[in-house]
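One structure is given here, and the rest of the page talks about it.
Read the figures in this text as sums done on the coordinates, not as results from a lab. Keep in mind that what you see is a predicted model, and the values were worked out from it rather than measured. Reconstructed Cβ throughout: ideal geometry from the backbone, glycine too, with neighbour counts over all protein chains shown.
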Amino acid sequence: MNDFQKFITNKYLYVPLILWFCIQTFKVIYELLKTKKLNFKRIIGAGGMPSSHSAITMCISTMIGKSEGFDSSIYALSLIVALVVMYDAAGVRRAAGKQAKLLNKIIDTPGLSNVQVQEKLVEVLGHTPIQVLVGALLGIFIGAIA
């Protein structure tokens, strides 16, 4: 088997990537039904329910735990990375999104600011804790059956 075949048949790559694609596609469809507008930016955008970051990191962590053992050092590393990603999604990136929303309001307030901007700041950057939890549970489930 050549290197390309090994790459594309590596379930540790394709299962989380397919999961990510399915979640992001769900977000596009959900927004289309909700707003009646097709927004392809959602396919690569951050934020929303569920957290694809949480899902893919917990998916691969679960797969590694099943394969290498839940007492292995590589599983511990993958779980710690997943927890950092989830903390960042619900903490740092969510706070940045809230700040972007406030800054956009300030810029839009007449007489309050004379700052000219080319485009608004992105407000949906992070996740609520429930979005992270649902993504994590989805990732654990898919990783367990993969």
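Once you have a ≥ b ≥ c as the square roots of the Cα gyration tensor eigenvalues for segment 1-86, tell me rounded if a/c is under 1.5, and otherwise prolate or oblate according to whether a/b is larger than b/c. Show your work: numbers first, answer last.
Details: a/c = 3.47, a/b = 1.68, b/c = 2.07.
Oblate, since a/c reaches 1.5 and b/c is not below a/b.
For segment 3-72, which trypsin sites (Lys or Arg not before Pro) pass both filters: DSSP loop (anything but H, G, I, E, B) and at most 10 other C-beta atoms within 10 Å? Walk me through the intermediate numbers first.
Numbers: sites: LYS6, LYS11, LYS27, LYS34, LYS36, LYS37, LYS41, ARG42, LYS66; in loops: LYS36, LYS37.
When the trypsin sites (Lys or Arg not before Pro) of segment 3-72 are filtered for loop state and at most 10 Cβ neighbours within 10 Å, LYS36, LYS37 remain.
LEU103 to GLN24: FRET efficiency via 1/(1 + (r/R0)^6), r the Cβ-Cβ distance, R0 41 Å, to the nearest 0.05? Don't jump to the answer; show the numbers that get you there.
Working: r = 26 Å, r/R0 = 0.64.
Computed FRET efficiency for LEU103 and GLN24: 0.95.
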Checklist outcome for this item: In nm, the gap between the two label points placed 7 Å beyond Cα toward Cβ at ASN2 and ILE43 is 2.8
Item to check | Positive-end extreme of charge dipole, segment 10-70 - chosen from ASN10, ILE60, GLY48 (charges on Cβ) | outcome: GLY48
Next on the checklist: In whole Hz and in residue order, list the ³J(HN,Hα) couplings for segment 72-82 that follow from phi through the Karplus curve 6.51 cos²θ - 1.76 cosθ + 1.60, θ = phi - 60°; x for Gly and Pro.
Outcome noted: 7, 5, 5, 5, 4, 4, 5, 5, 4, 4, 4
